[in-house]
Structure formats: C-alpha cells, structure tokens
Amino acid sequence: MRFDSFKIQHDLVVWLTVAGDKIRQNMADQLHVKTKSGRNDLVTNRDKEIEQFYVEQIRTNYPEAKICGEEGFGDDITDLSGLIFFVDPIDGTMNFVKQKQNFATMVGVYQDGQPVIGAILDVMGQQLIVGGPENGVLFNGRPLIPLADRPIADGLIGVNSGMFAHNINHVQQLIETSSGARVTGSAGIEFIQLVTGQQIGYISNLSPWDYAAGQAIGAALGIETHTVSGEPPSLLKREVIIAGLPEIWRNFYQLQN
Ligand code: 2AM
Ligand code: CA
Ligand code: CA
Ligand code: CA
C-alpha cells in the first residue's frame, strides 16, 4: 500500500512536539554524558531516550518501515528500498550540553531513496518546520514559499568548524566571496536558516540522519543538496554535504576543479 504523506506529516508534527516538550521539561535534570568517536562527539541519556520514543512510535504506526537512527535503536540500513525513517533525536548534542539551546530534534522520511517528508524542531526556539516536495512546507503552521537563487556575495554560509579551520574543499575561498561564515553547531538549525532565507548555504561532513530531514524540506523550496562530486547524497554513509541555493553549488564546484 502506498503511504499517505499527509498522515506521516501529521504524525511527525505530533511526535516532534511531544519530544520537544519532554526535552524542555527535563532541561534542569543532571545528564549522563559520554563520548563517542572523540571528545567533541557526545551522547547523553536524553539522546537515547528520545530516539527510543521515536522508534516506539514508528514501529507502532508504520510496522513495515525501516529506521535509521543515530543512537542505534533502529535497524541496520544497507539499501534504500521501502519506507525509511531517519532519526536524529538531538542534533547539536554539544550545544544541548554546553549552551542549553541551539539544538534540534528531527526526522526525515524517504520512500525508495526519494524524499517524502522532513521535520525539524528547534527545541528551545520552538520553531517547527515540516513538509516535503508533495506537501509543501510549513513553518509553525504557516506556508513557506520557494526561495529565489541569489548571488553568493549576498548571503551567509554555515560551515562546520573543522572544515573551515583546515580549509577542507577550499571552503575558506568560498566564504571569502560570500557575506561571511557562521558556525551554528547543529545541522538541523543550519537547515532551518537555509529554508527561511537567513543563509544561502551550508557545508559540513554529515551522516544521513543529519541531513535527511533538511534535504526533504529543502527539496520543496529550491534548496539543493549535493556531495562534493555533485551527486545526490547516498543516505547510507557519512560524507561532505553542500546544501543551499544553486549559486552556492556552482561556486563550490568551480573551486574543486
Ligand atoms: P549531532 O549533535 O547529532 O552529533 C555540529 O557538530 C553538527 O554536526 C551537529 O549537527 C552534529 O550532530 C553533526 N555531527 C555529525 N557528525 C559529528 C561528529 N562526529 N561529531 C560531532 N558532531 C557531528
Ligand atoms: Ca551525535
Ligand atoms: Ca546530528
Ligand atoms: Ca544527534
């Protein structure tokens, strides 16, 4: 049976709202913080609890779907066939721990590798963006309109600090032609800034759950998502992702070649 994208969209709004409420209500609690791949890569008990909450909801409501979750409560995804939910329970865990703001919770849904719906909630800012190519996009319930392409000199570009510091993929030269760089520390919040026109591009080394929701939302609004070589991201592995208006991709590509 074909899924109903409006039902999925409605369910995501409910789940992200509940997840955001749980996170905000427990902000004062002591967290258990562990490192993953290194000292800048954290996970807390809250990341795990929220992923488990999403997994329970998805298993109950979409038993045929597969789940690709950052904290490992989903499935091992080796191909993109069928309905897949990409889950990032807390995006910007370092910000969550250190700043108590500037983090998101997000879910992206794909059918056979094609975007269906993405949903991103800026948890403390209480900004919820949801939608996809078939449904259009809502920002706290109001429709967003597609973005016109703009010259790179006219906009800010989000980057991850490591790529900027080490000038990976010539990002420093790209930034020099723009209005400037911003380092937000949350891929989800970077995508909110892209689709609301606050930034024209975002470049970072990301895993599928970091960009799945943003790519699905962006696809409805003229935001393109590429790998360094110009391919669509694989949704199966970590890679450098360039998201933004077409002009940012044209400039980035020229610098690589
Ligand atoms: P996360 O907080 O869900 O891990 C800035 O660190 C942004 O890059 C965040 O969106 C973060 O997502 C993501 N990111 C991806 N891989 C990361 C890693 N290995 N270490 C830290 N952040 C990572
Ligand atoms: Ca993480
Ligand atoms: Ca993330
Ligand atoms: Ca995360």
If the requirement is being within 19 Å of Ile189 (Cα to Cα), at pLDDT 95 or above and within 14 Å of ligand 1 (Cβ to nearest atom), which of these qualifies: Met124, Met94? Met94
Going by what's in this entry, would Leu245 be described as on the phi > 0 side of the Ramachandran plot and hydrophobic (A, V, I, L, M, F, W, C)? no
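What helices (runs of 4 or more DSSP H) completely inside region 77-176 contain at least 3 residues that are within 16 Å of ligand 2 (Cβ to nearest atom) and outside the structural domain of Ile248 (by TED's automatic domain parsing)? Steps first, answer last, please.
Details: elements: 93-98, 161-165, 171-176.
Those helices (runs of 4 or more DSSP H) span 93-98.
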Exactly one of Asp112, Asp122 is acidic (Asp, Glu) and over 30 Å from Gly38 (Cα atoms), and that residue is Asp112
Suppose we keep only residues that are surrounded by 24 or more Cβ atoms within 10 Å (Cβ to Cβ) and away from ligand 4 (no atom under 12 Å from the Cβ) within region 59-94. Which one would you say is farthest from Leu42 (Cα to Cα)? Ile84
Of all the residues that make up region 185-238, how many are part of a loop (DSSP other than H, G, I, E, B), closer than 28 Å to Ser37 by Cα and touching a Pro at 6+ places or on another chain (Cβ under 9 Å)? 6
Please list, ordered by first then second residue, the pairs with beta carbon atoms under 6 Å, 6 or more apart or interchain, first in region 169-187 and over 9 Å from Val159 (Cα atoms), second within 16 Å of ligand 4 (Cβ to nearest atom) and of a type in the set (D, E, K, R). Ser186/Asp91; Ala187/Asp91; Ala187/Asp210
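Restricting region 1-29 to residues that are polar (S, T, N, Q) and within 22 Å of Arg142 (Cβ to Cβ), which is surrounded by the most Cβ atoms within 10 Å (Cβ to Cβ)? Give the derivation first.
We begin by selecting, within region 1-29, every residue polar (S, T, N, Q); these are 5, 9, 17, 25-26.
Keeping just the survivors that are within 22 Å of Arg142 (Cβ to Cβ) gives 5, 9, 17.
Numbers: Ser5: 17, Gln9: 22, Thr17: 15.
My answer is Gln9.
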Region 1-31: number of residues that are assigned to a helix (DSSP H, G or I) and either free of Cβ contacts under 8 Å to residues at least 40 places away in the same chain or farther than 23 Å from Glu64 by Cβ (or both): 11
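The values are calculated or read from the model by the stated rules, or taken from the named source; none is laboratory data. Here the structure is a predicted model, which is why all the values come from computation and not from measurement. Reconstructed Cβ throughout: ideal geometry from the backbone, glycine too, with neighbour counts over all protein chains shown.
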